[in-house]
Structures are given as structure tokens and as C-alpha cells.
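**Q** Below is one structure. I have some questions about it.
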Amino acid sequence: MEEKQFHLDEAYYGPSIPPPTQSYRRHGSDDWCDDCGSCCCLISFLLQLIGLVVVTIALVFLIFRPSKVKIHVTDASLTLFNFTTTLNYNLALNITIRNPNKMIGIYYDSIEASAFFGDQWFGSVSLTPFYQGHKNTTVLSPVFEGQQLVSLGASDLSVFNSEKSAGVYDINVKLNLKIRFKLGNKLKTWRIKPEVKCDLMVPLSSNGKSGAGTFEATKCETSF
């Protein structure tokens, strides 16, 4: 048998080597779960569930088209507002809350009204929780009465004396609310904490009369 001769100028690399066998995995949710474990799968499921709930609530709101709740202070009576080392006060308010929506009710689970002179807090009142139906107006009547130790700096004291001379005081009232919306007959949202701020100019009155005019109804700023 004639042997095959290789020339010196020809490269010889030996017999060919077959390519290595590779296994390819489809990257899907099952493989991801295998890699990350059951904990990752649970987190993924919870995120999808939360997203579904948020989208559902958003769609329901778009369908019902809720209007913004309107809050006004319609009346204010200030019969005592005197400062020495403590602030003595007697302030009564009528606050109207209007729900203009046709198919949305509101649960007021927690209501607290707080009063401030400048940035100095001087009183808070907790009010009774209630449910407000469709296209309904509710009147709240908080009364702030007592005395409170406050610290007025030179500028705040100057403002107080100026307002005392004018007979009208700039008093801020904030409502701390925890509310839920009822959409239709059964669906309820989680608790929401809107910010409600009422900037009031309240004349001091004596024996039911005020020498500085009457209180003007004031719209409160509401943000959700």
C-alpha cells in the first residue's frame, strides 16, 4: 500500500475536532424562577398584582370621573385672642365640605382640625368620623377654646400687635384627614391623607359685634 506523503511546506493539524455540543435554554418566566428561586417568583407575582390593582383603580376613576372635594370656612367667630406669656383664645368655625360627585361617596375615618398663629400651634380639635354620600354637603363646627403657651419672637410679636390694633387676626387652620372613596356600591379605595389649609382673616368680636367688619367666607386649599 502506498503511504500518503506530506510535504514539509504543508501544515498538518491532525484530524478534525467536532464542535462542542451546546445546550440553549429559553429565557422565560419558568427559567427565571428556577434561577432566582421561589422568593423571586413571589416578589414578581406581588408586583404584578399591585400593578393590576393600581390600573384597575385608575380605570374606575376615569370611568366615574371624580370631581375635587370643595372645602370652605363659611363662618368664624373670634371672641377672645389675647397674648401675654400665654395665648388665650376662643374661636368657633363653620366648615362646609362639599362632595360634588354623583357616584362616589367618601368615608372620613379621621378628622382633626388644628389652629395656628403664624407658625405657632395653639389648639387642636378631633371631630366625629362620618360617611358623606353623593352630591352632599356636610357642615363641621370645631371650637378652639383655652390657653396655650406660645413663643412669639420679635417679628411675630410685632405682627400680633399690629393685627390687634386692626382688630383682625391672620389665623391658619389645617385639617388632618384620613379618607376613603367608595366607588359605586362596593369598591373602596385605601386611606388617603389629603392636605387641607385654610388661611383666615378673622375679626375679633365682642358681644357678637365686631368693630373691624364681618368675616368673609374663605375657600380652603386642598391637595391629594
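The values are calculated or read from the model by the stated rules, or taken from the named source; none is laboratory data. What you are looking at is a predicted structure, and each value in this text was computed from that prediction instead of being measured. Note that we place each Cβ from the backbone using ideal geometry, even for glycine, and neighbour counts take in every protein chain shown. The area values use the complete protein model at the heavy-atom level, side chains included, leaving out ligands, DNA and RNA. Shrake-Rupley method; radii C 1.70, N 1.55, O 1.52, S 1.80 Å.
**Q** Could you please report the charge total around Asn99, scoring K, R as +1 and D, E as -1 over all other residues with beta-carbon less than 9 angstrom from its beta-carbon?
**A** So the environment of Asn99 carries a net charge of +3.
**Q** Under a Cβ-Cβ cut-off of 13 Å, what is the net charge of the residues other than Val159 that fall near it, where Lys and Arg count +1 and Asp and Glu count -1?
**A** Charge balance in the 13 Å sphere: -3.
**Q** With every protein chain left in place and a probe of 1.4 Å, what is the accessible surface of Met103, to the nearest 10 Å²?
**A** It works out to around 110 Å².
**Q** Ser151 to Leu80: FRET efficiency via 1/(1 + (r/R0)^6), r the Cβ-Cβ distance, R0 25 Å, to the nearest 0.05?
**A** The calculated FRET efficiency here is 0.80.
**Q** A follow-up question, please. If you stretched the chain out fully between Asn88 and Ser141, how much longer would it get, using 0.36 nm times the residue separation minus the C-alpha to C-alpha distance? Could the numbers behind the result be given before it?
**A** Details: separation 53, 0.36 × 53 = 19.08 nm, distance 1.97 nm.
That pair, Asn88 and Ser141, stretches by 17.1 nm at full extension.
**Q** Per Stokes-Einstein, at 37 °C and 0.692 mPa s, what whole-number D in µm² s⁻¹ belongs to the range 128-177, with the Kirkwood radius over Cα pairs as the hydrodynamic radius?
**A** The Stokes-Einstein estimate is 222 µm²/s.
**Q** Return the carbon/sulfur percentage of the accessible area of the range 61-211, one whole number, probe 1.4 Å, all protein chains in place.
**A** The nonpolar share, carbon plus sulfur, comes to 50 percent.
**Q** Counting only the backbone N, which residues of the range 145-178 are under 19 Å from the spot 7 Å out from the Cα of Ala217 toward its beta-carbon?
**A** 173, by backbone N distance to the label point.
**Q** Let me ask something else. Taking 22 Å as R0, compute the FRET efficiency from the Cβ-Cβ separation of Asp170 and Ile192 and round it to 0.05. Write down the numbers at each step before the final one.
**A** On the way: r = 29 Å, r/R0 = 1.31.
Efficiency, rounded to the nearest 0.05: 0.15.
**Q** Holding the Cα-Cα limit at 20 Å, pick out from Lys102/Lys197; Lys102/Lys174; Lys188/Lys219; Lys70/Lys182; Lys186/Lys219 the pairs that are longer than that.
**A** Over 20 Å apart, Cα to Cα: Lys102/Lys197; Lys102/Lys174; Lys188/Lys219; Lys186/Lys219.
**Q** Once R0 is set to 35 Å, what does the formula 1/(1 + (r/R0)^6) return for the Cβ-Cβ distance between Ser124 and Ile50, expressed as a FRET efficiency to the nearest 0.05?
**A** It comes out at approximately 0.50.
**Q** From the C-alpha gyration tensor of the range 93-218, pull out the three semi-axes of the equivalent ellipsoid (sqrt of 5λ each), sorted largest to smallest, in whole Å.
**A** 34, 17, 11
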